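The values are calculated or read from the model by the stated rules, or taken from the named source; none is laboratory data. Nothing here was measured: the structure is a model prediction, and the numbers come from that model. With ideal geometry, Cβ positions are generated from the backbone for all residues, glycine too; neighbour counts draw on all protein chains shown.
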Amino acid sequence: MKTSFDYITENYKRIFDAVGEAKAKYRSPDDRVDIMAVTKTVAPEAVNHAISCGIKLLGENRVQEYESKKGFYDSSAKVHFIGNLQTNKVKYIIEDMELIQSVDSLKLAAEIDRQAKRFNKIQDILIEVNIGGEASKGGIEPERLEELLYDVSQYENISVKGLMTIPPPGGDEKFLCRMQQIYLDISSKKMDNISMDILSMGMSGDYAKAIRYGSNLVRIGTALFGARVYN
Ligand SMILES: *Cc1c(COP(=O)(O)O)cnc(C)c1O
């Protein structure tokens, strides 16, 4: 039986064009926006097809699922962890991750620093911000962000590269706008050992808007791979 992933090719083209359009409209010509494929529930064959279309970044949500799939992934793509990460699972993924985007506590950062030392690496991370103040979601409250950044900046084996957020559903632009302001505000403070290179914001429903508000990394699941049967 021949399986066809043509729909992924089509979806990728549509997303690539929409990202280009949003960039042309809202950003300066040499701004870069990376498209990440979010792989949760998606078979490795489909993920590899997306890589063959031009995807260079994979986003992983679950440690166990990643462990079971990673051996099948085309190794040309870099992998980021974007899901809720328990401290006791850091050791399973840290070797493979170019970036851990979902750091929202000093406790998690401390464990990442400890494990990074063991693996002799400097682990790049983003701090996740709970921009909508939703109790059900991870991320640090905006009011406590600067303190957390300062504390995390003290760790030798961690390098903070920017911020990540998952805004409340509904697409209200005020959250995207507020996140951009926070990102620019932190950038302008030029804190030691903190760089603001990456603003990871925007998913299938709001990526064009997110690019308008300064995102340079959009995380796309459904629009690329189709609806997930389960989460
Ligand atoms: C699932 C997920 C996405 C992608 O969501 P879609 O709406 O399917 O594009 C992006 N970021 C995170 C952190 C996710 O868990």
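Return yes or no: is K121 on the phi < 0 side of the Ramachandran plot and free of Cβ contacts under 8 Å to residues at least 24 places away in the same chain?
So K121 does not fit the description; no.
Within the stretch 189-231, restricting attention to residues that are of a type in the set (K, R) and within 14 Å of the ligand (Cβ to nearest atom), which residue is farthest from Y150 (Cα to Cα)?
Checking each candidate, the answer is R228.
Report the residue count in the stretch 196-212 for those that are in a loop (DSSP other than H, G, I, E, B), out of contact with any Ser or Thr (no Cβ under 7 Å at 6 or more places or on another chain) and surrounded by fewer than 22 Cβ atoms within 10 Å (Cβ to Cβ).
Of the residues in that region, 2 qualify.
Results for (1) more than 26 Å from I211 (Cα to Cα); (2) within 14 Å of the ligand (Cβ to nearest atom); (3) acidic (D, E); (4) assigned to a strand (DSSP E or B), shown as yes or no for each residue.
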residue	(1), (2), (3), (4)
A24	no, no, no, no
D31	no, no, yes, no
L58	no, yes, no, yes
S68	yes, no, no, no
S75	yes, no, no, no
R114	yes, no, no, no
S136	no, yes, no, no
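Kindly list the number of the only condition in (1) in contact with a helix residue (DSSP H, G or I) (Cβ under 8 Å, 6 or more places away or on another chain); (2) farther than 17 Å from M36 by Cβ; (3) among the hydroxyl-bearing types (S, T, Y) that fails for S153.
Only one criterion in (1) in contact with a helix residue (DSSP H, G or I) (Cβ under 8 Å, 6 or more places away or on another chain); (2) farther than 17 Å from M36 by Cβ; (3) among the hydroxyl-bearing types (S, T, Y) is unmet by S153, namely (1).
State the number of residues belonging to the stretch 7-30 that are at pLDDT 95 or above and surrounded by fewer than 13 Cβ atoms within 10 Å (Cβ to Cβ).
Qualifying residue count for the region: 8.
Any residue in the stretch 43-70 that's over 21 Å from E128 (Cα atoms): show its pairings with residues that are of a type in the set (D, E) at Cβ separation under 7 Å, as long as the two are six or more apart or on different chains.
Within 7 Å, the pairs are N48/D74; I51/D74; K70/D96.
Report whether or not I122 is buried (at least 21 other Cβ atoms within 10 Å of the Cβ) and β-branched (V, I, T).
no
Looking at (1) of a type outside the set (K, R); (2) more than 23 Å from E156 (Cα to Cα); (3) part of a loop (DSSP other than H, G, I, E, B); (4) in contact (Cβ under 8 Å) with a residue 12 or more places away in the chain, which one does Q180 not meet, given that it meets all the others?
Going through the list (1) of a type outside the set (K, R); (2) more than 23 Å from E156 (Cα to Cα); (3) part of a loop (DSSP other than H, G, I, E, B); (4) in contact (Cβ under 8 Å) with a residue 12 or more places away in the chain, Q180 breaks only (3).
If we keep just the residues of the stretch 77-95 that are hydrophobic (A, V, I, L, M, F, W, C) and in contact with a helix residue (DSSP H, G or I) (Cβ under 8 Å, 6 or more places away or on another chain), which is nearest to the ligand (Cβ to nearest atom)?
This residue is F81.
Just to be sure, is L148 in contact with a strand residue (DSSP E or B) (Cβ under 7 Å, 6 or more places away or on another chain), in a helix (DSSP H, G or I) and not β-branched (V, I, T)?
Spelling it out, L148 is indeed in contact with a strand residue (DSSP E or B) (Cβ under 7 Å, 6 or more places away or on another chain), in a helix (DSSP H, G or I) and not β-branched (V, I, T).
Of the residues in the stretch 71-80, how many are within 17 Å of F225 (Cβ to Cβ) and in contact (Cβ under 8 Å) with a residue 24 or more places away in the chain?
Total satisfying the criteria: 5.
For the subset of the stretch 44-76 comprising residues that are over 26 Å from G138 (Cα atoms) and of a type in the set (G, A, S), which member is surrounded by the most Cβ atoms within 10 Å (Cβ to Cβ)?
Looking at the filtered set, the residue picked out is A50.
Might you let me know whether the stretch 84-94 holds any residue that is of a type outside the set (D, E), touching a Gly at 6+ places or on another chain (Cβ under 7 Å) and surrounded by fewer than 18 Cβ atoms within 10 Å (Cβ to Cβ)?
Looking through the stretch 84-94, at least one residue is of a type outside the set (D, E), touching a Gly at 6+ places or on another chain (Cβ under 7 Å) and surrounded by fewer than 18 Cβ atoms within 10 Å (Cβ to Cβ).
Could you tell me how many of the residues in the stretch 1-31 are among the hydrophobic types (A, V, I, L, M, F, W, C) and without any contact (Cβ under 8 Å) to a residue 12 or more places away in the chain?
Of the residues in that region, 2 qualify.
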